[in-house]
Amino acid sequence: MSLLDWRNAGWIRPHNPTPQEIRDMFRIADRDLADAANTGISADSRHYIAYNGALKLCAVLLLAEGYRPEKGQGSHQRAIDSVRVVLGSDHQDTVDYLNLCRGKRNASAYDHVGGVSIRSAEELIEFTRRFRAEVHAWVRNNHSDLATLIDG
């Protein structure tokens, strides 16, 4: 499905992003990466925070393409799926990994404590760092008008 198909299905709505908005999303991801690096908190919390940073980067892809997920209609899932739609089907492994992380995040947030290992948290932190660089480069290459504030 294309983003136009998603819009017609009511899953996303048109949105006119600004460079400030894109910068703010990157700043949230950067804050989350810094906070997730804190080894003084639980692996569950580190994972939860790093997941939030990765989710914000997924949202950047949708925003840059001129859309915003509708709230409450699987917006996390839609943001993750947008990676494949925006960046291409060769990013299916990213979608699969983020869905695995979403499941761990949900379990640790709603079901039980201690379900995330230190290794899993650190893997997600490293993934989010790499993903940030990839999304940053994509925005610069595909939407340079929105990248004016994130290059500093």
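Bear in mind these aren't lab numbers, they're just calculated from the coordinates by the rules spelled out. Model, not experiment: these values are computed from the prediction. Here the Cβ is made from the backbone with ideal geometry for all residues, glycine too, and neighbour counts use every protein chain on show.
Helix 118-142 versus the longest principal axis of the chain: what is the Cα-based angle in degrees, 0 to 90, to the nearest 10? That helix lies at roughly 10 degrees to the long axis.
Arranged from fewest to most other beta-carbon atoms within 10 Å of their beta carbon, 125, 118, 22, 28 become 118, 28, 125, 22. Summarising the overall dimensions of the stretch 1-102 from its C-alpha atoms, the Rg and Dmax are 14.0, 46 angstrom.
Note the angle between two axes, namely the Cα long axis of helix 75-87 and the longest principal axis of the Cα atoms of the chain, as a number of degrees from 0 to 90, rounded to the nearest 10. Once rounded, the angle reads 60 degrees. Helix 92-110 and the longest principal axis of the Cα set of the chain meet at an angle near 50°.
Distant-in-sequence amide contacts of residue 67, defined by a placed amide H-H separation under 5 Å and a gap of 5 or more residues or a different chain, comprise 15.
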